[in-house]
Amino acid sequence: MSMLLFKNATLLDCTGSEPVPSAWVVAEDGLIKETGSGKTPRFSKAEAVDCKGKTLMPGLIDAHMHASLFTNDLGELHRRYLPSMGCFMAAKILEDTLHQGFTTIRDAGGIDAGFREAQKRGLITAPRMQVCGRALSMTGGHADVRLPTELVPPIQGGMLGVIADGVDEVRRASRELLRQGVDYLKVMAGGGCASPADEPDTTQYSPEELAAIVYEAKAAGKTVLSHNYSVRSMKLCAEAGVHSIEHGNYLDRETARVLKKHGCWLVPTMATYDIMARRGEEFGLPAYFFRKMKDVQKHSENALSIAFEEGLKIGSGSDMVGSGQPYKALEIELKARVMGPMRAILCTTRDNAELMGISATTGTIEAGKYADLLVVDGDPLKDVRIFQDREKLAVIVQGGTFVKKTV
Ligand SMILES: [Zn+2]
């Protein structure tokens, strides 16, 4: 495999260190081999990339995306698309996500381990990924896409959820997902916005069902992510031992402390509410979805402020669906309003890698890690919106291979 030399860069290695001017990074066989600053050593075999005036940093990580949610009305997924079509659509979304600078993602419900393996084998151009397959949902829960008026059995299968009720059923569904090679389980533990028959400020699943799901995940050496908005659902999940609370918009101080006590991560997903609240009408969101998105959006910044002040472990995800899919980097801008640009960028790189248990291989620019790199034409610490301008993403490298190269 080839050797790459990135030189004359401002290096933002995302370890938490300040940027280093006149830096160089060498990658060989897909891994970062060496970094330094000052006079660039000679590497005669290396292909050089001149990063003058640009920032070299690790590829971004989106820790909450849904490759399979390509419509604005999730009910359409089952009614209008065959699963094969869903796979092609999801693959396109993954490819575009890589072109947004995200070299690694965590899918929060929808795609199975086949996607992860297809990426590893080079069958699809996509970020490295962790997957949970279908999300566990109770009848009438967040992954039950039936309208309240539909008197038909829940839709099983497809690329969203599995409906399971009671300890025995959730246990069997968990074991089935684990058998299929998922990286973690996702549980819909409260109402949501995209589902037509529930409200965000509620709980779903009993403590016994949650405990059974966590038990089965832990038995297989895996973790559980939970979808929550309400404080009561967050507390139930933290007490049940889930690894990360996703969304968490109604977080208050008392609940933040409960999460902290249990070592639970919070993964706020602000971008999807922001864009849907602003552009929902233009995107043609169903009325129930638009109404709920506008409401939870009002709380999202406050939740992050509380989490940040209380010192929670914070990950970062965009949760973009449908027409929002091309705009995942908006999340960094929204987080930066609360945390400042450096912390928002660290959330999206180093901290997401820790959340996902992959710090040893990615998330920062350090020798031995994957050469998953981004060359940004400008200074993201001065303007974090730069990630939203694809023309400013001059070079994207994944495993030492160019995904994009404009210099
Ligand atoms: Zn989600």
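Taken together, the values in this text are just the output of simple stated rules run on the coordinates, not laboratory data. Values in this document were obtained by computation on a predicted structure and should not be read as measured data. In this analysis, Cβ positions are derived from the backbone assuming ideal geometry, glycine residues included, and neighbour counts consider all displayed protein chains.
Observations on the model:
- log₁₀ of I(q)/I(0) at q = 0.07, 0.10, 0.11 Å⁻¹ - the chain, Debye sum with one point per alpha carbon: -0.31, -0.62, -0.75
- Residue ranges 283-291, 334-342, 36-44 sort as 334-342, 283-291, 36-44 when ordered by packing (mean number of other C-beta atoms within 10 Å per residue, highest first).
- Counted by Cβ distance under 14 Å from residue 369, the other residues give a net charge of -4, where Lys and Arg count +1 and Asp and Glu count -1.
- Under 26 Å from the Cα of residue 52 - lysines, other chains or at least 8 residues apart: 7, 33, 39, 369, 382, 392, 404, 405
- Length-normalised contact order of segment 60-355 in % [C-alpha pairs under 8 Å, at least 6 apart]: 18
- Segment 1-51 and segment 262-276 have Cα centres separated by 33 Å.
- Gained length - residue 206 relative to residue 382, 0.36 nm times residue gap less alpha-carbon distance: 58.7 nm
- Across 358, 332, 163, mean-square fluctuation computed from a Gaussian network of the chain (C-alpha pairs under 10 Å connected) peaks at 358.
- Close Lys pairs in segment 60-355 (alpha-carbon distance under 15 Å; sequence gap of 8 or more, or different chains): 9.
- Taking label points 7 Å from Cα along the Cα-to-Cβ direction, residue 305 and residue 149 give a separation of 4.1 nm.
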